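Encoded as structure tokens, the structure appears first; notes follow it.
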Amino acid sequence: MHINIDHIRIVNIDNIIEETPSIRTLIFRDKLSSNAHPGQFLMVWIPRVEELPLSVMISDKKMHAAITIRKGGFGSTALFNKKVGEIIGIRGPYGNHFTIIKNMKKALLIGGGTGLVPLMRLATKMNEFGINSTFVMGARSKTEVFFEKQANRFLKNTKHKVIVTTDDGSYGFKGSATDTLATIIKEEKFDRVYTCGPELMMKKVFALASEYSVSVEASLERYMKCGIGICGSCCVGEQLVCKEGTVFNEKDLRLMTEFGRIYRDKTGRKSHIVDYN
Amino acid sequence: MHINIDHIRIVNIDNIIEETPSIRTLIFRDKLSSNAHPGQFLMVWIPRVEELPLSVMISDKKMHAAITIRKGGFGSTALFNKKVGEIIGIRGPYGNHFTIIKNMKKALLIGGGTGLVPLMRLATKMNEFGINSTFVMGARSKTEVFFEKQANRFLKNTKHKVIVTTDDGSYGFKGSATDTLATIIKEEKFDRVYTCGPELMMKKVFALASEYSVSVEASLERYMKCGIGICGSCCVGEQLVCKEGTVFNEKDLRLMTEFGRIYRDKTGRKSHIVDYN
Amino acid sequence: MKQNSKYNNDILRVNISSLSLRNPTILASGFLGISQELFNKLYRYGVGAVVSKSISTQPMEGYKNPTVVSLGNGSYLNAVGLSNPGAESFSKEVISNKQVPLIISLVGSTDSDFLPMVKKFDHLNICGYEINLSCPHVTQMGMEVGDDPEMVNRIIKTVKSYSRKPLFVKVGVGNSDIIAVAQIAKDAGADGITAINTIRAMTIDIETSMPILSNRIGGLSGKPIKSIGIRCVYEISKKLKIPVIGCGGVFTWEDAVEFMLAGASAIQLGSVIGYEGIIAFSRITSGIKKYLERKGLKNAMELIGLAHKY
Amino acid sequence: MKQNSKYNNDILRVNISSLSLRNPTILASGFLGISQELFNKLYRYGVGAVVSKSISTQPMEGYKNPTVVSLGNGSYLNAVGLSNPGAESFSKEVISNKQVPLIISLVGSTDSDFLPMVKKFDHLNICGYEINLSCPHVTQMGMEVGDDPEMVNRIIKTVKSYSRKPLFVKVGVGNSDIIAVAQIAKDAGADGITAINTIRAMTIDIETSMPILSNRIGGLSGKPIKSIGIRCVYEISKKLKIPVIGCGGVFTWEDAVEFMLAGASAIQLGSVIGYEGIIAFSRITSGIKKYLERKGLKNAMELIGLAHKY
Ligand SMILES: Cc1cc2nc3c(=O)[nH]c(=O)nc-3n(C[C@H](O)[C@H](O)[C@H](O)COP(=O)(O)OP(=O)(O)OC[C@H]3O[C@@H](n4cnc5c(N)ncnc54)[C@H](O)[C@@H]3O)c2cc1C
Ligand SMILES: Cc1cc2nc3c(=O)[nH]c(=O)nc-3n(C[C@H](O)[C@H](O)[C@H](O)COP(=O)(O)OP(=O)(O)OC[C@H]3O[C@@H](n4cnc5c(N)ncnc54)[C@H](O)[C@@H]3O)c2cc1C
Ligand SMILES: Cc1cc2nc3c(=O)[nH]c(=O)nc-3n(C[C@H](O)[C@H](O)[C@H](O)COP(=O)(O)O)c2cc1C
Ligand SMILES: Cc1cc2nc3c(=O)[nH]c(=O)nc-3n(C[C@H](O)[C@H](O)[C@H](O)COP(=O)(O)O)c2cc1C
Ligand code: FES
Ligand code: FES
């Protein structure tokens, strides 16, 4: 039977992985999500609580997929607190996705926080296509580092490097992920830089990559209601993040006057994006 | 593109044949109708006037079909008066259809008035399958005889007989079509009798055929509103003529206590079927 | 009444007011609704109850064809014009009814229309009435009556004063607040509400620029109105605490369950018959049964209004 | 206003009250309606005019997600809750508007809400207002206001007393007679009517027994409501002889033509965008154009209300 991806599918939480004290990965069986492209997202229904856009995380289990949630406000905390055996609803996967260039040799993946999620799915692609990659993961401090082991595992068939940076130096390199990028992008030639994470980080990544004429794909976040291109709440200028994004390339980003600058809240009002560190 | 047969298709009247002073055949292009099975009918929309169930008549023109209308009351007269180039709407074809028995050798077709229409389509099938047939056509008098020539033409590749009867003897055999049937059914063995016309005629046909243990298929008429099995106006007992009919076989007819007896009018009230001669 | 054993499943039995139905599927008024032989067949095919075509004091011819237009995607537009054989003739039709739980749908303009009709039916083997206050396309009848609170009150009181059989009032989405009409019906003594009827709508053929229905305007039924029906059932059952029979666009067992969760004690099937025929009743019933079993519920009535909690 | 030459077709130009649009396709309120950059893009893609998201005096957060549910078959249920940036912030958004024929949709509870808003927009490059009297899911706003004839009258008079720009009143199918509301709007001085808004509806997830929308009840849009919209446009335009903008389930050029034959001077597109994106505008426009040419008509306005003759 044909499944309408816009209809909510109820799934059972089969397994939960505690990534950090405030980040968990919930695993569920869903064929469509298991085939999602890296960078696509789901609209996740927490019944009678919220619906949130969340990137599709990968699961080792066949026909399964996952979401990785950081405990924060109302909706995310309710989701974080779900137990194995409880149910959630999902629709999607939505949006475009990261793309691989023909004859690509070397990729750089750089992200932070739950922005790492789409990059993890991308990492498995890199592995599959035999593309060597460097994966830079930023975190505030040691307790917030996650996905390092998985990244190494996902990339195991290729020549790869997983570099962790912490703002406070409690683990890996001290400094921000973009500091590290600034160093390695000078030394090595990458075919493309992929990024997802805080928008100001992505803005710096874009600036650095542009400086060294490296192609970029960045996955953006905006407030989403419908996830399917009708309500307009996720707009960045004339683009809809849910439909024409979430992934934009250097050409798109160059034209987006709001990228790294303007975020619209739930009401649609614009505010300036500020560094929350 | 898939066509929904329930949606009205507007067609142009390409040609009109005057069969008798009160009967005309209107020819139009419509693929679905051109492929209709013998006995199927169309719901014919005469814009802002009426919608009438009418049997699908055959047309020699490729991709074309026809309807044959007897001028009577409001709707039929409006349709009868349509000119070449005017338009009508059609939906369907609807209903089941006459069927041919495996290894059938000889068929008898018997009808009267516009009941001849589905039998004409059936005649072309007989020709196609090489089944020899006798076609008995009843009419009141000479001026009301029609389809004789066409029947001979449609049956040209088979051994066939077209017998016309008139009540007043002004043409062909004097008497009713069933009088003739009574004679020939004694002398010849038919695999099946097909009939369409006034219900009392069909009732006699059914009685005669049963007497000689010949299989029968009769196409019934009832007042139709929807043509698609929802309104119930066309019911004969528990059967819907538009959906389970219009063609019923001897087994059905035997169980139908209303066959040849009861007709429901537009309001759904029952009345007794009387000979209108 | 005797029950066909194949369709006897206590898990599916529902009670609505004083009615007890072997399952919650009911034939909606206006579908196949004038022949006792058809009612018998429907019962053999597993229907829980049957509502007749809406009957008026006198026979009505209704409108000229076209009276029913298919709009595709599981929907119809109809302006049959309440054609029906009239109470006298129809009471003779159903006089032979033995086992079919038959609800007579009645329509009229004033309270005085109803008493003579009820008198013709009340001694027959029928199990209740449905008062059609919501036909959207016949002037002076149905919806126009439903828009007149005083008349609604009088009609219901008149019927209740004569008959002890359960009385359902069928309401629709139109020019008045559906909750308000249902409230009046409840206050006047109705035993339940049927919601919803078709919704006033229209279709125009773009080649001729002409409305297709002879009456131009008709009532929309089928899939498009389901979510509107769910809303009405939810609001009426939640606010008025009165038994509700859900109607409008039920095509699958999932739709039936959704209506029951919204607050319906039973559901009526109409347009689906145009797509699947009367097999729809047993198909939907067995879907509900499997759902109940999977959810570990003992009886279909446990579903009624579950969504009110949230 | 400057016109994009690719979309200049005199055959498609329509006048509605004092508005002159290069073609009859308009973006419906609530779709993509908060970003000037998006309005500019829509105009590049061939839109005839744009209606903004409904704007209130203060910013509104609206309801929690889920706010939009796809019901399949070209239909959505939404209870966004009129979330919008508020008049102050939105007037800054559109201050840079140059060429887009922009209609500001306004929503409020009382007449006193409207004057301050109109004052913020009236001097900007906008071409009219649409008063939303028909949002079916926010209490004290939209439809509840539309159900109060005196308030409708006061709101319209207030806006008209300040502004000379054309004012359209958006009505819906709900608890009041849509014709009566439109009549009040006309009498109060409205220049046109937009019909229809979404219709109150609901969906319940059968696995959890829970309403999906956070607000439980929302508004149904898309294909299911088309024939209801056609009926409303037909009745309003025929009975009131006032310009009407058709809205509700327009997915194809055939739908657009049907609305115009019913009496619409232009049509709004909403839900179709979820299926095809904004390419829908040019696709539907070019369909209308071919139809006009085939029928030998010189201008789209010749279609308006043709069905009234029959
Ligand atoms: C495409 C996309 C992918 C995402 N992937 C992930 C992921 O994999 N893991 C993860 O933890 N988070 C992800 N997020 C963020 C996530 O959707 C929530 O924003 C976040 O979980 C905060 O939720 P909350 O309930 O704590 O928010 P609240 O406390 O209610 O609000 C805090 C802030 O969260 C943001 N937010 C809340 N609701 C939404 C919404 N519907 N759409 C966008 N932003 C919202 C807003 O900026 C809001 O101001 C993603 C967001 C987008 C747009
Ligand atoms: C399956 C079927 C096939 C038919 N095929 C033909 C055909 O090929 N040629 C032909 O001339 N006629 C055919 N008829 C009869 C035709 O539908 C009309 O009944 C007939 O043309 C009379 O129409 P009127 O406008 O003159 O009727 P009116 O003067 O309005 O009514 C006279 C009588 O015609 C019958 N009638 C009217 N409308 C309908 C209707 N919607 N359904 C059934 N009966 C109706 C009723 O018995 C009615 O009492 C067929 C009928 C059916 C049911
Ligand atoms: C052809 C037709 C005739 C109808 N006749 C009646 C009627 O006589 N009385 C009535 O109360 N409802 C009548 N209805 C409305 C149905 O009973 C039902 O309320 C409506 O069709 C919605 O249900 P559905 O979506 O399952 O069809 C009729 C509907 C159709 C399509
Ligand atoms: C998500 C969404 C938001 C809407 N917001 C508004 C609104 O703010 N103001 C308004 O008048 N109508 C609003 N509407 C109603 C639409 O403008 C339109 O009337 C309705 O969707 C019917 O048109 P359609 O079938 O083409 O979608 C909204 C509809 C949807 C689906
Ligand atoms: S979230 Fe609604 S348009 Fe993107
Ligand atoms: S004509 Fe309606 S059921 Fe046969």
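Bear in mind that the values in this text are calculations on the coordinates, not laboratory data. Just so you know, these numbers come straight off a predicted model, no measurement behind them. No Cβ is skipped: glycine too gets one built from the backbone with ideal geometry, and neighbour counts run over all protein chains shown.
Quick look at the values:
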item: Residues of the stretch A:31-74 that turn out to be within 14 Å of another protein chain (Cβ to nearest Cβ), among the charged types (D, E, K, R) and surrounded by fewer than 23 Cβ atoms within 10 Å (Cβ to Cβ), as a count; result: 2
item: Residues that are under 20 Å from D:LEU19 (Cβ atoms), small (Gly, Ala, Ser) and crowded, with 24+ Cβ neighbours inside 10 Å, drawn from the stretch D:35-61; result: D:GLY48, D:ALA49, D:SER52, D:SER54
item: Within the stretch B:203-249, tally of residues that are part of a strand (DSSP E or B) and within 30 Å of B:THR183 (Cβ to Cβ); result: 9
item: Checking D:GLU235 against (1) assigned to a helix (DSSP H, G or I); (2) surrounded by fewer than 24 Cβ atoms within 10 Å (Cβ to Cβ); (3) more than 9 Å from chain C (Cβ to nearest Cβ), the condition it does not meet; result: (3)
item: B:ASN4, sole failed condition from (1) more than 10 Å from chain C (Cβ to nearest Cβ); (2) in contact with a Gly (Cβ under 9 Å, 6 or more places away or on another chain); result: (1)
item: Contacts under 9 angstrom Cβ, first residue in the stretch C:186-202 being in contact (Cβ under 8 Å) with a residue 12 or more places away in the chain and under 30 Å from C:LEU213 (Cβ atoms), partner acidic (Asp, Glu) and not in a helix (DSSP H, G or I), 6 or more apart; result: C:THR194/C:GLU130
item: Positions within the stretch D:200-228 being of a type in the set (S, T, N, Q), closer than 18 Å to D:GLY81 by Cβ and at the interface with another protein chain (Cβ under 7 Å from one of its Cβ atoms), in sequence order; result: D:THR203
item: Those strands (runs of 3 or more DSSP E) lying entirely in the stretch B:47-112 with at least 1 residues more than 17 Å from the chain's Cα centre (by Cα), away from ligand 5 (no atom under 16 Å from the Cβ) and within 30 Å of B:GLY130 (Cβ to Cβ); result: B:64-70, B:106-112
item: Unmet criterion (only one of (1) out of contact with any Pro (no Cβ under 7 Å at 6 or more places or on another chain); (2) surrounded by fewer than 24 Cβ atoms within 10 Å (Cβ to Cβ)) for C:GLY229; result: (2)
item: Whichever residue in the stretch B:224-238 is out of contact with any helix residue (DSSP H, G or I) (no Cβ under 7 Å at 6 or more places or on another chain) and in contact (Cβ under 8 Å) with a residue 12 or more places away in the chain and, among such residues, is farthest from ligand 3 (Cβ to nearest atom); result: B:VAL236
item: Matching residues in the stretch D:47-70 - criterion: being in contact (Cβ under 8 Å) with a residue 60 or more places away in the chain and within 7 Å of chain A (Cβ to nearest Cβ); result: D:LYS64, D:ASN65, D:PRO66, D:THR67, D:SER70
item: Hits in the stretch D:71-81 - residues which are buried (at least 24 other Cβ atoms within 10 Å of the Cβ) and more than 9 Å from every other protein chain (Cβ to nearest Cβ); result: D:ALA79
item: Identity of the residue in the stretch B:222-254, aliphatic (A, V, I, L, M) and in contact with a strand residue (DSSP E or B) (Cβ under 9 Å, 6 or more places away or on another chain), that ends up farthest from ligand 4 (Cβ to nearest atom); result: B:LEU253
item: Count of residues meeting criterion [within 14 Å of ligand 2 (Cβ to nearest atom), within 14 Å of chain C (Cβ to nearest Cβ) and aromatic (Phe, Trp, Tyr)] in the stretch B:232-264; result: 1
item: Checking D:GLN268 against (1) under 30 Å from D:ASP187 (Cα atoms); (2) part of a loop (DSSP other than H, G, I, E, B), the condition it does not meet; result: (2)
item: Any hit, the stretch B:127-146, residues being within 14 Å of another protein chain (Cβ to nearest Cβ) and touching a strand residue (DSSP E or B) at 6+ places or on another chain (Cβ under 7 Å); result: no
item: Residue among C:LEU297, C:LEU292 that is closer than 20 Å to C:ILE230 by Cα, aliphatic (A, V, I, L, M) and over 17 Å from the mean Cα position of the chain (by Cα); result: C:LEU292
item: In the stretch B:89-108, residue farthest from the other protein chains (Cβ to nearest Cβ) [restricted to those that are touching a helix residue (DSSP H, G or I) at 6+ places or on another chain (Cβ under 7 Å) and within 16 Å of ligand 2 (Cβ to nearest atom)]; result: B:PHE98
